[in-house]
Amino acid sequence: MRAAGIEPYPVRFDRSTTIGALREKFPDLEAGTETDEVVRVAGRLLLLRRQGKLTFATMRDGSGAVQLFVSEAEIGIDGHNDFDALDLGDWVGVEGVVMTTRKGELSVKVRSFQLLAKALRPLPDKWHGLSDVDTRFRQ
């Protein structure tokens with residue numbers, strides 16, 4: 001990543017709010033609404049859904065989770081390709097406007113993003129997990 005000019009562990013990202021505070025501020029937005037509120041939030045990517053020129057992601061911090069709406073029209077082809085190269089578990093900071101999708105999901109329409117920390121290992125498997133109690137306590 002450093003050879004490509006990307007710092008995998010940048011020094012600073014100033015967020016404007018937490019995800020929990022964002023959810024408290026916009027509890028009842030109508031479906032398909034876009035606000036003028038620009039926010040900067042940071043968190044860990046837990047889910048990525050790539051659909052052509054759109055990517056939907058779920059980001060979680062210590063206070064909650066929010067959907068990210070990443071459009072190629074908003075951040076450009078190169079930015080969209082860079083976002084699609086992110087992995088589950090990566091820590092990311094995003095800037096964008098608060099909106100709701102057609103289905104009413106509170107989202108941040110991403111205008112820019114920054115990789116904050118690259119995940120070195122994949123997220124643990126929630127479905128299977130460790131079934132042996134002794135192994136679970138020892139590890």
Odd one out for residue 55, checked against (1) closer than 21 Å to residue 121 by Cβ; (2) polar (S, T, N, Q); (3) touching a Phe, Trp or Tyr at 6+ places or on another chain (Cβ under 9 Å) = (1)
note = Matching residues in the range 61-97 (surrounded by 17 or more Cβ atoms within 10 Å (Cβ to Cβ) and among the aliphatic types (A, V, I, L, M)) number 8
Residue match in the range 34-44 (condition: among the polar types (S, T, N, Q) and surrounded by 18 or more Cβ atoms within 10 Å (Cβ to Cβ)) = no
query = For the subset of the range 100-132 comprising residues that are closer than 30 Å to residue 2 by Cβ and of a type in the set (Gly, Ala, Ser), which member is modelled with the highest pLDDT?
reply = 112
inquiry  = Based on this model, can you work out whether residue 135 counts as among the hydroxyl-bearing types (Ser, Thr, Tyr) and either within 19 Å of the chain's Cα centre (by Cα) or at pLDDT 90 or above (or both)?
reply    = no
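The values are calculated or read from the model by the stated rules, or taken from the named source; none is laboratory data. Please read all numbers here as calculations on a predicted model, not as lab measurements. Counting neighbours? That spans all protein chains shown, and the Cβs are built from the backbone with ideal geometry, glycine included.
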